[in-house]
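Enquirer: Can you read through this structure? Questions will come right after.
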Amino acid sequence: MYFMSELLWAEKYRPRSLDEVVNQKEIVDRLKRFISERNVPHMLFAGPPGTGKTTVAHAMAHDLYGENYRQYMLELNASDERKIEVIRTKVKEFARSRVVGEVPFKIVLLDEADNMTADAQQALRRLMELYSANTRFILTANYPSKIIEPIQSRCAVFRFTALKREDVVSRLMYICQSEKVNCVERALEVIYDLSEGDMRRAINILQAAAALGDVTEDIVYKVVGLAHPREVREMLQLALSGNFMEARKKLRDLMINYGLSGVDIVKQVHREIFNPEVKIPDDLKVMIADYAGEIQYRLVEGADDEIQLNAFLARLALMGRRLKV
Amino acid sequence: MYLSTQRLPWIIKYRPKHVDEVVDQDEAKEKLLEWLKSWEKAPPSKKAILLHGPAGCGKTSLVEAVAKTYGYELFEMNASDSRRKEDIERLAKAASQTSGLRARRKIILLDEVDGLDPKSDVGGVESLIEVIKNTRNPIIMTANNPYREHLRPLRELSEVIAMNRLRETDVVRVLTRICGAEKLDCDTEALKEIAKRSEGDLRSAINDLEAAAALNKKVTLETVKAISTYRDRTHAPWEALRKLFSARFVFQAREAITSTDLTPEEFKTWVNEHIPSWYDDPYEVWRAYEALSRADQYFGRIVKTQNWDLLSYALDMMGPGVAFARTKYKGKFVAFKMPERIKLLAETKRSREYREALAEHLASRLLTSKANVKSDFIPYLRVIFTNNPKYAAKIAQSYKLPEELVTWLAGPKAKDVLAYMKKTKK
């Protein structure tokens, strides 16, 4: 059998209905009760990334409305649509049309709601009240503490917990068997460690590893190394060793080959300095982090990527010299 | 006939009639002739030349002399005379048709293309690009300053040839020749003073000489000083950079950044490129970049708030801020090249657009945000696309990835992935 196409496994192995969801059992049970009563409150799904918040929201909508559930659901992502006006217009449009069928309401799924400012959340709260007659809101958030209290109090809050090691490993094992991929269990454990309980990331690593050959520990490390460009670390080390010109060249490569923005790069540098493999004295780490924050602020304010990053690298070159890294 | 010649301004009367009369500019001459020669067989890959240099260095004269010497018909159009899109199209397109069998070969000269205003000449640059792509005759464009952002497409399409400011001795030589032809009595000191004040602008030097001669048949240092003033000159970016880095006073550093045709924001790119070409001490490099970074921040705030009052602070940081980052004054010579970034800008922008487009394309299918696709999916897709083209092709097909996104993802393996995609489609 010759397959003409291949899906990303994160999509292929995503549970379609609540029955297929293997973790978060308590949450699933409560949601099933809502469905059987055809009565769903506003909800807040809170928990770390890759624990199934969005997947569960979709599975639930699927179970409520059937295969074509997406026409009854408005999907918004707060980190892509930062302007509350955009959200307001879309919700208004969506809520205006009446619901046909046996479920008397439609669903607005607002992903990553904790990325909204407090002001935007206030406006959101009014939207929730205004359209509560025929819409229900499902909000997802990594950090529920960043959701304002008036919204929290209007929602049934569900806490998604990080997936357990054995859950992730057995799911990965199941995928390997279905895909007829040779894998070593130890390699799957490594994937779990590297993905920090994020199922989506774990599956992505697995698929990339399988594309390279049998899934062994070595391959897994190789994939993760390839995926996260070493250039950022190399750039950092070049700058700290005082080689500003070479560091600047690396910076250009990163921007051209990977399409990274200035903010992406500053954030990655920030992550790198706290990586135990990168040997930098602790006091220097703090100074770099401080300057990284300043540079990111300047960028967000509308400054130029390359000039700001060059200033950053020049500062690193100077710090490196003084502390003889 | 005799009378009419007499009334001609000298700058026209003494235009070079033969290439050999063109002073200096040997390199530009050589390149230009070589390129013209390549047209004899077939149109070369670059069908236009962008001839640039400061005012009065002889760009137009060179082209005219070449045409006269080698028997070309010159179709001349001043881009700033008729800037409207329709005009350019009509004029230049008509000129781009092949001439009849017996007709003379043609050169199309588009003078002063940097006069095209990106705002009011809507479509001007675009239609020029079309003209160049379709031309059957050599096109030569001239410009004082080819580094304006809106000229980038023209730059990429053309062979860029630089002409330099004339040396003082060359200017004196031409002036002496004119003095002889006009039977004037000219002091060498006077001619030297004119040349000095012209700063390599032969046109202004000849004008000054003519003005001095009109006053008095004997051209002396005194007459010259009386009639000629230093002109407000614009500088090429590299000249302005030299002025900036070697400024001894704050006012010089400030003047330097506004002495080019570039906007301060465009000049910023030049400074960004060349801070480390001038400074080598890490402390100075950082101080200069920090100053530039502050300037850049002010520019960002100006754009955001439209508060143009802030421009003054931006210029302070970009000029004196960068110049006085030094710990010790150093006079030195550095050859300032065109910033890499101006060349790479298009590429960087494209790469970022592809990443964005891919995120947009996949986010809804994968039920996640674009930001998430960028951080959690694209890195692994890259691994697959650069390592397993066959498998990558299948994924590309399931998600109907357009060719340019596949190419971007697969990098060096792009050909392989696309080949597999074709195979499986059949």
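Enquirer: Exactly one condition in (1) within 14 Å of chain B (Cβ to nearest Cβ); (2) crowded, with 19+ Cβ neighbours inside 10 Å; (3) in contact (Cβ under 8 Å) with a residue 24 or more places away in the chain; (4) not charged (D, E, K, R) is not met by A:VAL223; state its number.
Expert: The single condition A:VAL223 does not satisfy is (3).
Enquirer: Being more than 30 Å from B:GLU159 (Cβ to Cβ), within 11 Å of chain A (Cβ to nearest Cβ) and part of a loop (DSSP other than H, G, I, E, B): is that true of B:LEU409 here?
Expert: When the stated conditions are applied, B:LEU409 does not pass them.
Enquirer: Kindly indicate whether A:LYS267 is assigned to a helix (DSSP H, G or I), in the same structural domain as A:MET235 (by TED's automatic domain parsing) and without any contact (Cβ under 8 Å) to a residue 24 or more places away in the chain.
Expert: no
Enquirer: Could you list, in sequence order, the residues of segment A:37-74 that are within 23 Å of the chain's Cα centre (by Cα), modelled with pLDDT under 90 and outside any loop (DSSP other than H, G, I, E, B)?
Expert: Result: A:ARG70, single match.
Enquirer: Determine whether B:LEU344 is of a type in the set (A, V, I, L, M, F, W, C), at the interface with chain A (Cβ under 9 Å from one of its Cβ atoms), in a helix (DSSP H, G or I) and within 28 Å of the chain's Cα centre (by Cα).
Expert: Criteria met by B:LEU344.
Enquirer: Let me ask something else about it. Check whether at least one residue in segment B:309-332 is among the hydrophobic types (A, V, I, L, M, F, W, C), in contact with an Asp or Glu (Cβ under 6 Å, 6 or more places away or on another chain), in contact (Cβ under 8 Å) with a residue 24 or more places away in the chain and not in a helix (DSSP H, G or I), and report yes or no.
Expert: yes
Enquirer: Testing A:GLU246 on (1) free of Cβ contacts under 8 Å to residues at least 24 places away in the same chain; (2) surrounded by 18 or more Cβ atoms within 10 Å (Cβ to Cβ); (3) closer than 22 Å to B:VAL271 by Cβ, one condition comes back false. Which one is that?
Expert: (2)
Enquirer: Same structure, new question: In segment B:390-425, which residues are surrounded by fewer than 21 Cβ atoms within 10 Å (Cβ to Cβ), more than 20 Å from A:TYR13 (Cβ to Cβ) and not charged (D, E, K, R)?
Expert: Answer for segment B:390-425, where residues must be surrounded by fewer than 21 Cβ atoms within 10 Å (Cβ to Cβ), more than 20 Å from A:TYR13 (Cβ to Cβ) and not charged (D, E, K, R): B:PRO402, B:LEU405, B:THR407, B:GLY411, B:PRO412, B:ALA414, B:LEU418, B:ALA419, B:TYR420, B:MET421, B:THR424.
Enquirer: Take segment B:275-308 and flag every residue that is at the interface with chain A (Cβ under 7 Å from one of its Cβ atoms) and out of contact with any Asp or Glu (no Cβ under 8 Å at 6 or more places or on another chain).
Expert: Correct list: B:PRO276, B:PRO282, B:TYR283, B:VAL285, B:TRP286, B:TYR289, B:GLU290, B:LEU292, B:SER293, B:VAL303.
Enquirer: Please specify each residue of segment B:289-313 satisfying the condition of being loosely packed, with under 14 Cβ neighbours inside 10 Å and small (Gly, Ala, Ser).
Expert: B:SER312
Enquirer: Which residue is nearest to A:ASP80 (Cα to Cα), if the candidates are limited to segment B:351-370 and must be at the interface with another protein chain (Cβ under 7 Å from one of its Cβ atoms) and within 37 Å of the chain's Cα centre (by Cα)?
Expert: Looking at residues that are at the interface with another protein chain (Cβ under 7 Å from one of its Cβ atoms) and within 37 Å of the chain's Cα centre (by Cα), I get B:ARG355.
Enquirer: Hey, another quick one. Residues that are of a type outside the set (S, T, N, Q) and in contact (Cβ under 8 Å) with a residue 60 or more places away in the chain: find the helices (runs of 4 or more DSSP H) completely inside segment A:81-169 holding 1 or more of those.
Expert: Working: elements: A:84-96, A:118-130, A:149-154.
Those helices (runs of 4 or more DSSP H) span A:118-130, A:149-154.
Enquirer: Another question, if that's okay. Listed residues A:GLU306, A:GLU301, A:GLU272, A:GLU277; which is under 26 Å from B:ARG382 (Cβ atoms), facing chain B (nearest Cβ under 8 Å) and out of contact with any Ser or Thr (no Cβ under 7 Å at 6 or more places or on another chain)?
Expert: Of A:GLU306, A:GLU301, A:GLU272, A:GLU277, the one residue that is under 26 Å from B:ARG382 (Cβ atoms), facing chain B (nearest Cβ under 8 Å) and out of contact with any Ser or Thr (no Cβ under 7 Å at 6 or more places or on another chain) is A:GLU306.
Enquirer: Those residues that are within 14 Å of chain A (Cβ to nearest Cβ) and in a loop (DSSP other than H, G, I, E, B), I need them from segment B:239-272; list them, please.
Expert: Across segment B:239-272, the qualifying residue is only B:THR263.
Enquirer: Here is a list: B:ILE132, B:ILE88, B:ILE139, B:ILE161. Which entry is hydrophobic (A, V, I, L, M, F, W, C), modelled with pLDDT under 90 and closer than 26 Å to B:GLU30 by Cα?
Expert: Details: B:ILE88 fails: closer than 26 Å to B:GLU30 by Cα; B:ILE139 fails: modelled with pLDDT under 90; B:ILE161 fails: modelled with pLDDT under 90.
Criteria check complete, one pass: B:ILE132.
Enquirer: Residues to consider are A:GLU26, A:GLU11; find the one that is within 14 Å of chain B (Cβ to nearest Cβ), charged (D, E, K, R) and part of a helix (DSSP H, G or I).
Expert: None of the other options fit; the residue is A:GLU11.
Enquirer: Can I ask one more? Considering only segment B:267-326, state which residues are within 18 Å of A:LEU313 (Cβ to Cβ), among the β-branched types (Val, Ile, Thr) and over 23 Å from the mean Cα position of the chain (by Cα).
Expert: B:VAL285, B:VAL322
Enquirer: Identify the residue in segment B:21-63 that is under 30 Å from B:ALA195 (Cα atoms) and among the acidic types (Asp, Glu) and, among all such residues, is modelled with the lowest pLDDT.
Expert: Applying the first criterion (under 30 Å from B:ALA195 (Cα atoms)) to segment B:21-63 yields B:21-33, B:49-63.
Checking the rest, the ones that are also among the acidic types (Asp, Glu) come to B:21, B:24, B:26-27, B:30.
Values: B:GLU21: 86, B:ASP24: 82, B:ASP26: 88, B:GLU27: 89, B:GLU30: 92.
Looking at residues that are under 30 Å from B:ALA195 (Cα atoms) and among the acidic types (Asp, Glu), I get B:ASP24.
Enquirer: Among A:ARG186, A:ARG200, which is the only one that is touching a Pro at 6+ places or on another chain (Cβ under 9 Å) and not assigned by TED's automatic domain parsing to the domain that holds A:ILE265?
Expert: None of the other options fit; the residue is A:ARG200.
The values are calculated or read from the model by the stated rules, or taken from the named source; none is laboratory data. Just so we're clear, the structure is a prediction, and the values are computed from it rather than from any experiment. Cβ: placed from backbone, ideal geometry, glycine included. Neighbour counts: every protein chain shown.
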